[in-house]
Structures are given as C-alpha cells and as structure tokens.
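Following: one structure in structure tokens, then a few remarks.
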Amino acid sequence: METQLTWYGQSAFKILTPTGKVLLVDPWLTNPVFEKAKNELAALEHVDLILVTHGHSDHVGDAVEIGKRTRAKLVATFDLSAAIVTLGYPSDLADMETTGHMGGTLTLFGGEVAVTFVPAWHGSAVSKEETAPPVYAGTPAGLVIALRDGPTIYHTGDTDLFSDMALVSRFHKIDTMLVCIGDHFTMGPARAAEAVRLVNPREVIPMHYGTFPVLTGTPAAFEDELKKRKLKAQLRVMKIGETIAMRAR
Ligand SMILES: [Zn+2]
C-alpha cells in the first residue's frame with residue numbers, strides 16, 4: 001500500500017502508512033477553513049498516534065477528544081505531553097514509549113514508524129480557556145517522521161527560519177517537507193524558501209496559511225520565492241480536505 005497524506009488546514013495532517021497505521025499531526029480539524037470537520041472527526045474511528053508539535057490551541061486542536069475516543073497514543077515532548085494530559089488526555093496513552101525530547105528518536109511499531117524531535121523557534125504553552133493562565137509546555141518542536149517502505153516527512157511545526165535546519169537533512173534524507181508559510185506567527189514565503197534550501201527535500205507542501213486573515217503568506221508567493229532561488233524541491237499545494245498519495249524515494 002502507498003502512504004497517503006490528508007491536509008485538514010493549518011498544520012493538521014493525517015498520514016496513512018504503508019501498513020495501515022493512522023497518524024494525526026497537530027489535529028485541529030475544527031478550524032475555520034475545514035468545512036467537513038464534523039464528518040471527518042466522526043469517521044476517525046481508528047487512530048494509532050496523535051503527534052503534537054507545541055501547545056498552542058491551533059495545534060493541540062481536537063487531540064484530547066480524538067485521543068479519548070480512539071485510544072490513540074500521544075506523541076510529544078515530555079513537557080508538552082504533561083501539559084496536554086492536564087487538558088484531559090488519558091495519561092496511560094501519554095507514557096514514556098511515545099514521549100521524547102529534542103534529538104531523540106522514538107521507534108514505534110517495531111520500526112514501522114520512527115519519530116525524531118527537532119527544534120523549532122516558537123512558543124509553546126497550553127491554555128485551558130482563554131482567560132486561564134497558560135500551562136508550561138516546554139519548547140516547541142518540529143517532527144521528522146520516517147516510515148518504513150514510505151517517505152520520510154519533516155513537519156516543521158511553527159517556526160522561524162534557523163540555520164540548524166540544515167542539520168535535519170544531515171541525519172535524514174527528507175522526502176516531503178511540510179513547511180509553515182503564513183507569516184505573522186511563523187516564517188513567511190521568503191524565509192520558508194530559505195528553510196527549503198537548508199533542508200533540501202524532494203518535495204515541499206506549504207501549511208499554516210489562510211486560516212486567519214493575518215496569515216497572509218500564499219502558495220503563489222512561496223512558489224515565486226522558491227523559483228527565485230532556483231531550488232529543485234517540487235512544490236505540491238494541497239487543497240483543504242484533499243488526500244494525496246506519497247512516494248517513497
Ligand atoms: Zn500555529
């Protein structure tokens with residue numbers, strides 16, 4: 001079976017692995033731009049892993065609800081995992097097996113899925129309600145998700161450009177880079193294109209744009225910035241709710 005990738009808007013993705021494992025990353029399905037969120041949430045009966053990059057509500061999203069219902073295990077850094085448990089994520093699904101930290105790799109399902117935590121330059125706090133004091137959630141992360149017989153995917157999380165992104169590809173040949181381009185809270189198109197230069201993926205998929213008016217970066221502007229730099233990464237722009245097939249290298 002081929003790997004499939006679904007984009008729900010913002011930084012939320014579903015990855016269906018070659019062996020049928022279902023992974024959700026930053027699962028904010030009930031965002032302002034994904035109209036079929038209710039149906040999709042109901043259809044998510046089987047989820048193996050929920051991976052979260054940092055504690056902001058547009059990334060934790062519907063993780064607690066989905067985790068409780070599907071019994072998916074929570075993949076996050078130590079501090080973030082503890083913070084999400086305070087929101088109600090079952091603690092028995094957030095144990096040491098799926099909790100790690102920067103530079104570490106979790107080897108899951110006998111090596112079918114390997115997740116490495118890499119740095120990101122952003123914030124990370126969990127808020128229970130808008131007026132409640134934020135709960136400490138450590139430092140934000142990017143995730144390198146390596147699938148056996150499938151692609152290796154780098155989800156940048158929310159971040160600025162930083163030169164150490166080049167170290168990601170020293171240890172992992174990245175097939176697909178999911179990169180934030182929306183500006184305002186993260187890199188915009190120009191800085192994201194520089195990030196692509198550092199990581200040198202086979203293909204790049206933009207995310208974290210268009211959800212709110214302030215996220216002004218567009219795929220067209222990003223494409224211009226990639227072309228200006230003559231980068232050979234193939235740009236793939238996904239529609240919200242779309243599922244695409246992914247190739248292993
Ligand atoms: Zn965000």
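Read the figures in this text as sums done on the coordinates, not as results from a lab. All values derive from a computational prediction rather than experimental measurement. Here Cβ is always computed from backbone atoms with ideal geometry, including for glycine, and neighbour counts include all displayed protein chains.
The magnitude of the dipole of segment 45-158, with charges of +1 and -1 set on the Cβ of Lys/Arg and Asp/Glu and taken from the Cα centre, is near 140 debye. Rounded to the nearest 20, the Cβ-based charge dipole of segment 1-92 about its Cα centre (Lys and Arg +1, Asp and Glu -1) stands at 180 debye.
Candidates HIS56, GLY88, THR99 compared by Cα position along the dipole of segment 56-105: farthest toward the positive end lies GLY88, with charges placed on Cβ. Spacing of the modelled spin labels on LYS230 and ASN200, each 7 Å from Cα toward Cβ, amounts to 1.6 nm. Could you tell me what percent of the DSSP beta bridges with both partners in the chain are antiparallel, to the nearest 5? Given both bridge residues lie in the chain, the antiparallel proportion sits at roughly 60 percent. For segment 127-134, backbone phi angles converted through the Karplus equation (6.51, -1.76, 1.60; θ = phi - 60°) give residue-by-residue couplings of 10, 6, 9, 4, 9, 6, x, x Hz, Gly and Pro being listed as x. When the Gaussian network model of the chain links Cα atoms closer than 10 Å, the mean-square fluctuations of GLU40, GLU223, GLU129 top out at GLU129.
Dividing the helix sum by the residues of the chain, where each DSSP H run of 4 or more adds -39500 (n - 2.57), gives a mean residue ellipticity at 222 nm of -6000 deg cm²/dmol. Its Cα gyration tensor gives the chain an equivalent ellipsoid; the semi-axes, largest first and in whole Å, are 25, 20, 18. In summary, the aspartates and glutamates within cross-link reach of LYS128, defined as a Cα separation below 18 angstrom excluding same-chain residues under 8 places away, comprise ASP26, ASP58, ASP62, GLU65, ASP79. When you count the other C-beta atoms within 10 angstrom of each residue and take the mean per peptide, 69-79, 131-141, 51-61, 157-167 line up highest first as 51-61, 69-79, 157-167, 131-141. Using only the C-alpha atoms, the convex hull of segment 79-189 corresponds to 115 Å³ per residue. Its Cα centre serving as origin, the chain has a Cβ charge dipole (Lys and Arg +1, Asp and Glu -1) of approximately 840 debye.
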